Structures are given as C-alpha cells and as structure tokens.
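Reading through the structure tokens given below for one structure.
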Amino acid sequence: MGESRQELLTWLNGLLQLNMTKVEQCGTGAALCQIYDSIFLDVPMSRVKFNANAEYAYLENFKILSSTFRKHHVDRPVAVEQLVKCKMQDNLEFLQWTKRYWDQYFPGGEYDAVGRRKGVAASLPATGNSRTSGAGTGAGAARRPVGAAAGAGAPRTGSRQAGLGGGQASAALQTKNAELMDTVQGLERERDFYFSKLRDIELLIQQAMEADPALEEDEGGLLKQIQTILYSTEGFEIPQDAEGEPVGEEETF
C-alpha cells in the first residue's frame, strides 16, 4: 500500500521546498516535472510554469514531463487528460507511483530545488472552490411578495392562446438548438484535426532535438523558432465571467 496523502505532501514539500497542501495541486504538472528533475537533473525547469492557473498551461508542463519520460525510457503512461482535472484520486495514484520510482532511482545527495527553478517563485494554485453564491438559498430565497400570494388564485386569462404560442416557440428553439449542436460538433472536429497536426510537428521537433541536443541550444535555428511559435500564448486571453474570474476555474479546482 502506498504512502498517505499527508506523507506524500511532507516528502514533496521537503524535496522541492514548496508549501503544497493538497495532492490535487500536482495536476498542474509543475511539481511532477521537478521531482523527475531531482532524479535526472536535465528537465528544462526554466520552461516549467509553476504559476499556471489554467488547463492549457498545465498541458505545457505535462508536455515537458512526457518528453522527459521518453528521453529516459520511463515505462509509465501519463494520463494527462485525467491529471489536469486536478482530481484527488488520479493525482494521488500517480504521485504514489512517482514516489516509488524516486525511491528506486534518486541518485542521493542534496538537491537544490530553488536553484534549479532559478529563483522563480513557486506559488502553486490552491485547490477547492473558493467562490460561494447565496443566490436562491437561505431565508431570502423563501420569501414571496404579498401580492403574488394574493393573486395566486386569480383566474388565468389567455392561457390557451399562450400555450399554443409556446408550443411553436419551443419547436423553433429545438430546431435552432439542433443547428447549433451540429455547428459545435463541426468546430470540435476541425479543432481536433489541426491540434493533431500541431502535435505531430511538436513530436518531430522533440525527436530531432533529442537526437541532436545542439539544436535546442541554437536559438536562431529553424526548429527552435517553430517550437517558440508552438509554445507561444501571445494573443490568447482566458475568457472571464462578470466577476473577473477565469471561466471554468471552479471546475478545474
């Protein structure tokens, strides 16, 4: 049986000099990248985003982790789609396996976690739903205007005509909804198609750089320029709701 959550967090925080409070925070991929850096000492930590707060940024960290696994022939599938959701069970199981691997292959000695991060502040996002909403709850939601209660038994006029109009409106909405669903499905297929192309290009570049490490140091080289374009997030804005919070944040954490 693997270590408990608290035991794993104590070990991880001691090794990486972090202050993580939940194993779900491993879903950003940043801490996992540095655990394996403590073993291999060649993970490009300057590219690891410790302050990532959205799934698209977590994916960049897991790309680095997957590349490290391939380079060192780590025989363990990385279920990225599950891990980036920051669910406790998925991240606990992966962290338990990582701890066993670390126990077996850590070379020993002192590991300068802060130095390897080059002093980058490592403030991993906290998990848990921090926003609460009182709409529709509590005593206020149970109150009803006095006039509404008084008029509850009044005869309804024009209800039959309203029912006929409502049926036509409902049919029109269903038709429009079906059209929108077809549009969304088409856009998703197109997105997946182009994403697979970009992923293939990324893998070819990574394989070429692994075969010839000098290519990664050549900042002006063609492969490095293409890689810069692939990883660039310039011009991308995270959608925000009316409160200024990133959309989807509650589901991620």
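The values are calculated or read from the model by the stated rules, or taken from the named source; none is laboratory data. All of these numbers come straight from a predicted model, not from anything done at the bench. Note that each Cβ is placed from the backbone with ideal geometry, even for glycine, and that neighbours are counted across all protein chains shown. Areas reflect the complete protein model, heavy atoms only, side chains present, ligands, DNA and RNA absent. Shrake-Rupley method; radii C 1.70, N 1.55, O 1.52, S 1.80 Å.
So which residues in the stretch 74-92 are assigned to a helix (DSSP H, G or I) and hydrophobic (A, V, I, L, M, F, W, C), if there are any at all? Break it down stepwise before answering.
Of all residues in the stretch 74-92, those assigned to a helix (DSSP H, G or I) come to 80-83, 88-92.
Once the filter is applied, which keeps residues that are assigned to a helix (DSSP H, G or I) and hydrophobic (A, V, I, L, M, F, W, C), the stretch 74-92 yields VAL80, LEU83, MET88, LEU92.
Any residue at all in the stretch 93-114 that's open to solvent by 70 Å² or more (accessible area, probe 1.4 Å), over 19 Å from GLY14 (Cβ atoms), modelled with pLDDT of 95 or more and not in a loop (DSSP other than H, G, I, E, B)? Let's see the steps before the verdict.
As a first pass, look at the stretch 93-114 and keep what is open to solvent by 70 Å² or more (accessible area, probe 1.4 Å): 93, 100, 103-105, 107, 110, 112.
Filter once more, keeping what is over 19 Å from GLY14 (Cβ atoms): 93.
The next check asks that each one be modelled with pLDDT of 95 or more; those that pass are 93.
Among the residues that remain, those that are also not in a loop (DSSP other than H, G, I, E, B) are: 93.
Within the stretch 93-114, one or more residues are open to solvent by 70 Å² or more (accessible area, probe 1.4 Å), over 19 Å from GLY14 (Cβ atoms), modelled with pLDDT of 95 or more and not in a loop (DSSP other than H, G, I, E, B).
Go through the stretch 26-42 and give me each residue that's open to solvent by less than 10 Å² (accessible area, probe 1.4 Å) and either part of a helix (DSSP H, G or I) or not assigned by the TED database to the domain that holds PHE106 (or both). First the steps, then the outcome.
Step one: list which residues in the stretch 26-42 are open to solvent by less than 10 Å² (accessible area, probe 1.4 Å), which gives 26-38.
Of everything in the stretch 26-42, those that are open to solvent by less than 10 Å² (accessible area, probe 1.4 Å) and either part of a helix (DSSP H, G or I) or not assigned by the TED database to the domain that holds PHE106 (or both) turn out to be CYS26, GLY27, THR28, ALA30, ALA31, LEU32, CYS33, GLN34, ILE35, TYR36, ASP37, SER38.
For the stretch 71-86, enumerate the residues that are open to solvent by less than 90 Å² (accessible area, probe 1.4 Å) and more than 18 Å from the chain's Cα centre (by Cα).
HIS72, VAL74, ARG76, listed by residue number.
Collect the residues in the stretch 190-220 that are surrounded by fewer than 10 Cβ atoms within 10 Å (Cβ to Cβ) and either among the aliphatic types (A, V, I, L, M) or assigned by the TED database to the domain that holds PRO44 (or both), keeping them in residue-number order.
Matches in the stretch 190-220: ALA211, ALA214.
Among the listed residues ASN19, ASN61, ASN53, identify the single one that is in a helix (DSSP H, G or I) and under 23 Å from the mean Cα position of the chain (by Cα).
Details: ASN19 fails: in a helix (DSSP H, G or I); ASN53 fails: in a helix (DSSP H, G or I).
Answer to the selection: ASN61.
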